[in-house]
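Here the structure comes first, spelled out in structure tokens, and everything after it is commentary.
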Amino acid sequence: MARGILIFDPQHQEWRVWIGQRAYWIDQGYSFELRIQHKYFQAILEKDIDWFVTLDYDASFVLHIHEVYKVRINKQDFMPVDSPF
């Protein structure tokens, strides 16, 4: 698992996971781990009117586009933003 940050890209109106200097695609339905007070929770990115995450398939909360969230991902499951399709 690689540690990084989840931030909102206002130009594309999408979330991105940054690990070091590289951004990775993340979209609805993607699974990752979200850090809350020194503990990681299994999370799924979702969108209704707002972007939100569901933690451990139980609790949900809205993501704020001006916040930075600490996350862990399996890099092999995510595609770099700059990679050719």
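Specify which of the listed residues (Trp18, Trp25) is closer than 17 Å to Asp82 by Cα, of a type in the set (A, V, I, L, M, F, W, C) and without any contact (Cβ under 8 Å) to a residue 24 or more places away in the chain.
Result of the check over Trp18, Trp25: Trp18.
Report every pair of residues separated by at least 6 positions or lying on different chains whose Cβ atoms are under 7 Å apart, first residue within region 37-53 and free of Cβ contacts under 8 Å to residues at least 60 places away in the same chain and among the hydroxyl-bearing types (Ser, Thr, Tyr), second open to solvent by less than 50 Å² (accessible area, probe 1.4 Å) and assigned to a strand (DSSP E or B).
Tyr40/Glu33; Tyr40/Leu34
Confirm whether Gln42 is part of a loop (DSSP other than H, G, I, E, B) and on the phi < 0 side of the Ramachandran plot.
no
Among the numbered criteria (1) closer than 15 Å to Arg3 by Cβ; (2) in contact with an Asp or Glu (Cβ under 9 Å, 6 or more places away or on another chain), which one does Lys39 miss?
Unmet for Lys39, out of (1) closer than 15 Å to Arg3 by Cβ; (2) in contact with an Asp or Glu (Cβ under 9 Å, 6 or more places away or on another chain): (2).
So which residues in region 20-39 are in a loop (DSSP other than H, G, I, E, B) and of a type in the set (Lys, Arg)?
none
Return the residues of region 29-44 that are open to solvent by 50 Å² or more (accessible area, probe 1.4 Å) and touching a Lys or Arg at 6+ places or on another chain (Cβ under 7 Å); say none if nothing qualifies.
If the condition is that a residue be open to solvent by 50 Å² or more (accessible area, probe 1.4 Å) and touching a Lys or Arg at 6+ places or on another chain (Cβ under 7 Å), then Arg35, Tyr40 are the ones that fit.
The values are calculated or read from the model by the stated rules, or taken from the named source; none is laboratory data. Just so we're clear, the structure is a prediction, and the values are computed from it rather than from any experiment. All Cβ positions, glycine included, derive from the backbone under ideal geometry; neighbour counts span all protein chains shown. These area figures cover heavy atoms from the full protein model, side chains too; ligands, DNA and RNA do not enter into them. Shrake-Rupley method; radii C 1.70, N 1.55, O 1.52, S 1.80 Å.
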